[in-house]
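K.L.:
There's a structure below that I have some questions on.
The values are calculated or read from the model by the stated rules, or taken from the named source; none is laboratory data. The shown structure was predicted, so the numbers you read here are calculated from the model rather than taken from an experiment. Virtual Cβ from ideal backbone geometry, glycine too; neighbours counted across all protein chains shown.
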Amino acid sequence: MVIVVMGVSGSGKTTISKKLSERIEVPYFDADDFHPESNIDKMASGKALNDEDRRPWLEELAENISVWANEKGAVLACSALKESYRVLLSLKYKSIIWVYLSGHKALIKDRIEKRQGHFMSSDLLNAQFRDLEIPNKAVVINISKSPEDIINTIISKLKDE
């Protein structure tokens, strides 16, 4: 089983993914760790990535998802904003469970501005919301709840599927 926890930067992907992986006892991975240095530098300078920047990153993640699916499974924190990105991610493993962390822009902007040491600035949030294509098939979770409530909701919905 591979679960991709997706949403814009600041929606809680890392926090929720780490806690979920602990609860269901599968490895956690952060898609940001797979970005080439050029992508990180571009985002750190306040520039949004384009589809061309993302393609090699998404293809590498798709390879890893296939490996993880055949091993212990995984919970992956990954923005996966566009449907075309999700298609690329699922090229080699079609049974990804998508969890979309949904929230208001003001709440997410506040979270981004409070965190330290992350390459993503709140200036890029508008671009992420502009690129966001809400998935048709996903477990949709409102991020205004506590992380524990979010995890419990995800686990409950996974049991229903």
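K.L.:
Can you tell me how many residues in the range 65-85 are small (Gly, Ala, Ser) and out of contact with any helix residue (DSSP H, G or I) (no Cβ under 6 Å at 6 or more places or on another chain)?
P.N.:
Counting residues in the range 65-85 that are small (Gly, Ala, Ser) and out of contact with any helix residue (DSSP H, G or I) (no Cβ under 6 Å at 6 or more places or on another chain) gives 5.
K.L.:
Show me the strands (runs of 3 or more DSSP E) entirely contained within the range 1-77 in which 3 or more residues are surrounded by 20 or more Cβ atoms within 10 Å (Cβ to Cβ) and modelled with pLDDT of 95 or more.
P.N.:
2-6, 74-77
K.L.:
Could you pull out the residue among LEU101, LEU125 that is in contact (Cβ under 8 Å) with a residue 40 or more places away in the chain, under 12 Å from MET6 (Cβ atoms) and not basic (Lys, Arg)?
P.N.:
LEU101
K.L.:
State whether one or more residues within the range 85-98 are closer than 12 Å to GLY10 by Cβ and over 16 Å from the mean Cα position of the chain (by Cα).
P.N.:
no
K.L.:
Further question: Across the range 31-59, what is the total count of residues that are under 14 Å from SER9 (Cα atoms) and hydrophobic (A, V, I, L, M, F, W, C)?
P.N.:
6
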